[in-house]
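Structure, as structure tokens:
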Amino acid sequence: MTQAADAKPVGGGLCAGRVVAVTGAGRGLGRAHALAYAAEGAKVVVNDLGVGLDGTPAPDSPAAQVVAEIRASGGEAVAHGADIATSEGAASLVAAAVDTYGRLDTLVNNAGFLRDRMLVNLDEDDWDAVMRVHLKGHFLPLKHAAAYWRAQAKAGRTVTARVINTSSGAGLLGSVGQGNYSAAKAGILGLTLVAAAEMGRYGVQVNAIAPAARTRMTEATFADTMAAPRSGGFDAMAPENVSPLVVWLGSGAASDGVSGRVFEVEGGRITVMEGWRPGPTADKAERWTPSGAGETARELLARAAAPGGVYGAS
Ligand SMILES: NC(=O)c1ccc[n+]([C@@H]2O[C@H](COP(=O)([O-])OP(=O)(O)OC[C@H]3O[C@@H](n4cnc5c(N)ncnc54)[C@H](O)[C@@H]3O)[C@@H](O)[C@H]2O)c1
């Protein structure tokens, strides 16, 4: 049994009274988040389309299983099986929360899959599918939830809404063999900043995480470093390690402007990622010649911090 499955729902938990929708919550990180929210008293909409590792249709429906686990622990949850990268699916996710529990307080955008190839072999289909599920699959639920919260705020209700988006180290630094995924996950960071800036006035806080954990998505890639400990000890790569920060970010406790931020979360470590900011600069208040621009660029680069390494680069 996992840590989250062991946990008992707490009547007065951090998320008591809140309604939380988690996309791609049938397995992996999303499942751990759903169980962790339920353990803190939230009512959870467990979304999962149930697709294979590369996004192709799969026969199983893991959302119902997670709902059964939450209910078996005394929590409240409902399954939602639509594709969140469609407008109908995203709208019906918000509707499922409102129709079933009367409200939506927190959205966790998490669903996704991989189509890894080096750029020269990356088909247009692989590009489109990964951009669609991650970037559009974040935008559409966010858009529909944001419209709901704005309407609540305009009707005079107090909104304490939270969104947690799921980026990746690939989006922060780049990852060899993952040009499509890195671009989509970097796009999610830009979307997070804009959503935080636009929605703050309506009581909506929007943050992103870049997690690392052993799931079906990563177990083949990181088999050697991600093995579970043989007996006892801290399983640093368990998906359940990522969920406590996600639960806090999705709760009313994450108040006072915790918004537009990005956190790396892995094992017992939480890191605030600091974004692009100006480094060394030169301004001669007139147009450069190409060779003058080049000479200045070299001088500036010599004074600039070295960029973080791209994952998988030699
Ligand atoms: N595991 C890691 O180390 C890691 C690292 C960085 C980022 N992430 C991100 O975390 C998120 C969760 O990944 P995971 O490792 O738990 O993977 P996972 O494959 O275990 O879970 C993803 C779930 O999303 C569902 N899904 C896929 N497309 C969907 C759609 N269109 N609509 C609804 N559900 C859909 C799948 O059926 C699956 O159950 C992903 O966005 C992933 O990119 C994971």
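Coordinate-derived values only; no laboratory data. Model, not experiment: these values are computed from the prediction. Note: ideal-geometry Cβ built from the backbone for every residue, glycine included; neighbour counts use all protein chains shown.
Summary of values
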| quantity | calculated |
| --- | --- |
| Pairs, first farther than 13 Å from Leu107 by Cα in region 144-164, second among the β-branched types (Val, Ile, Thr), C-beta under 6 Å, six or more apart | Gln152/Val159; Ala153/Val159 |
| Test result for Glu198, within 12 Å of the ligand (Cβ to nearest atom) and surrounded by 10 or more Cβ atoms within 10 Å (Cβ to Cβ) | no |
| Members of region 52-91 found to be more than 9 Å from the ligand (Cβ to nearest atom), of a type outside the set (Val, Ile, Thr), part of a strand (DSSP E or B) and under 19 Å from Ala38 (Cα atoms), listed by number | Glu76, Ala77, Ala79 |
| Test: residue in region 259-268 that is more than 30 Å from Gly156 (Cα to Cα), more than 17 Å from the chain's Cα centre (by Cα) and of a type in the set (Val, Ile, Thr) | no |
| Long-range neighbours under 9 Å by Cβ, at least six apart or interchain, first residue free of Cβ contacts under 8 Å to residues at least 12 places away in the same chain within region 33-56, second within 13 Å of the ligand (Cβ to nearest atom) | Thr56/Phe113 |
| Qualifying position, being within 13 Å of the ligand (Cβ to nearest atom), touching a Phe, Trp or Tyr at 6+ places or on another chain (Cβ under 6 Å) and of a type in the set (Val, Ile, Thr), among Ile209, Ile188 | Ile209 |
| Close pairs (6 angstrom Cβ cut-off, 6 or more residues apart or separate chains): in a loop (DSSP other than H, G, I, E, B) in region 274-290, among the β-branched types (Val, Ile, Thr) anywhere | Ala282/Thr296 |
| Counted residues, region 155-173 - those being surrounded by fewer than 20 Cβ atoms within 10 Å (Cβ to Cβ) and of a type in the set (D, E, K, R) | 1 |
| Checking Val272 against (1) under 30 Å from Val44 (Cα atoms); (2) surrounded by 10 or more Cβ atoms within 10 Å (Cβ to Cβ); (3) among the hydrophobic types (A, V, I, L, M, F, W, C), the condition it does not meet | (2) |
| Residues satisfying the stated conditions in region 93-125, i.e. surrounded by fewer than 19 Cβ atoms within 10 Å (Cβ to Cβ), of a type in the set (Gly, Ala, Ser) and within 16 Å of the ligand (Cβ to nearest atom) | Ala95 |
| Residues of region 227-285 satisfying the condition of being more than 16 Å from Ala210 (Cβ to Cβ), among the charged types (D, E, K, R) and within 16 Å of the ligand (Cβ to nearest atom) | Asp235, Glu240 |
| Candidate set: region 174-188, residues that are in contact with a helix residue (DSSP H, G or I) (Cβ under 8 Å, 6 or more places away or on another chain), hydrophobic (A, V, I, L, M, F, W, C) and surrounded by fewer than 20 Cβ atoms within 10 Å (Cβ to Cβ); chosen: the one farthest from Glu124 (Cα to Cα) | Ala186 |
